[in-house]
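To start, the structure itself, in structure tokens.
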Amino acid sequence: MNRPPITAKGAELLKEELNRLKTVDRPRIIQAIAEAREHGDLKENAEYHAAREQQSFAEGRIQSLESALASGQIIDTTALNVEDRVVFGAKVELEDLETEEIVAYQIVGDIEADIKLNKIAVSSPIARALVGKEVGDVAVVKAPSGLREYEIISATYTD
């Protein structure tokens, strides 16, 4: 069985989210459903339907997190000894060779990816183009707008 990778830091964040969902959100949602039931007719009760929708979302997320944590392979990126090579967990700084714009990403597991935090999934096109390369190499990424070239400026493995 192929075990999806998760950074150690990402696993901790997922555990915190799971704990919050179980101990804070789930009881709050159950209380909201109970209060909405007290209002009577459930067919036209917007609060009840909204609370049930929240419950469905929360339970789905709980299942997803439990599955990811149970089946994932937690990798401590600070213990990797790969010099200047880009592998899973790397925080990379790149220069777009066309625009000369500098961007920074961390390559993480699919479940912990969040572009707003500059964390890209290891399965993403840019991560696939970067993995295995070294500082100074140029990675060619197949983007929706066409081919993009990035020079790898740095690769670090701190938490």
Burial ordering of Thr99, Thr7, Thr77, Thr156, fewest other beta-carbon atoms within 10 Å first: Thr99, Thr156, Thr77, Thr7
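Give me Ile120, Ile115, Ile74 ranked fewest to most by other Cβ atoms within 10 Å of their Cβ, as a rough exposure proxy. Don't skip to the end; give the middle numbers.
Details: Ile120 20, Ile115 10, Ile74 16.
The fewest-first ordering by Cβ neighbours comes to Ile115, Ile74, Ile120.
Mean residue ellipticity at 222 nm from the helices of the chain, using -39,500 (n - 2.57) per DSSP H segment of n ≥ 4 over the full residue count, to the nearest 500 deg cm²/dmol?
Working: 4 runs with 57 residues, N = 159.
Value at 222 nm, helices only, nearest 500: -11500 deg cm²/dmol.
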The ratio Rg/Rh over the Cα atoms of segment 77-156, Rh being the Kirkwood inverse mean 1/r radius, stands at 0.94
Candidates Ile33, Ile107, Ile62, ranked by Gaussian network fluctuation over the chain, Cα under 10 Å, top entry: Ile33
So if I place +1 on the C-beta of Lys and Arg and -1 on the C-beta of Asp and Glu, and nothing else carries charge, what would the dipole magnitude of the chain be about its Cα centre? I want it in debye, nearest 20. 660
Where both residues lie in segment 87-159, what percent of DSSP beta bridges are antiparallel, nearest 5? 85
For segment 77-156 the mean separation of alpha carbon contacts under 8 Å (6+ apart) over residue count, i.e. relative contact order in percent, is 34
Inter-label distance for Thr23 and Ile153, nm, one decimal - labels placed 7 Å from Cα along Cα-to-Cβ: 4.1
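Sort Leu14, Leu80 by Cβ crowding within 10 Å, fewest neighbours at the top. Could you put the intermediate results ahead of the total?
Details: Leu14 22, Leu80 14.
With the sparsest Cβ surroundings first, the list reads Leu80, Leu14.
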Roughly what angle does helix 26-37 make with the longest principal axis of the chain, taking Cα atoms, 0 to 90 degrees, to the nearest 10? 40
The chain, Gaussian network, Cα under 10 Å: of Lys15, Lys119, Lys142, the residue fluctuating most is Lys142
Options (i) 10, 30, 23, 17, 12, 6, 1; (ii) 12, 41, 35, 11, 0; (iii) 8, 16, 13, 16, 13, 9, 7, 6, 4, 3, 3, 2, 0, 0 - which one matches P(r) over Cα pairs in 10 Å bins from 0, in percent as calculated here: (i)
In degrees, nearest 10, the alpha-carbon axis of helix 8-20 is tilted away from the dominant principal axis of the alpha carbons of the chain by 10
Please tell me the relative contact order of the chain in percent, rounded to the nearest whole number, where contacts are Cα pairs under 8 Å and at least six residues apart. 24
Assign unit charges at the C-beta atoms only (+1 for Lys and Arg, -1 for Asp and Glu), then state the dipole size of segment 25-73 relative to its Cα centre in Debye, rounded to the nearest 20. 160
When the Karplus curve 6.51 cos²θ - 1.76 cosθ + 1.60 is applied with θ = phi - 60°, which whole-Hz ³J(HN,Hα) does each residue of segment 110-120 get, with x for Gly and Pro? 4, 6, 9, 5, 7, 4, 5, 9, 6, 10, 10
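Coordinate-derived values only; no laboratory data. Worth saying up front: this structure is predicted, and the values here are computed from it rather than measured. Backbone-built Cβ (ideal geometry, glycine too); neighbour counts: all protein chains shown.
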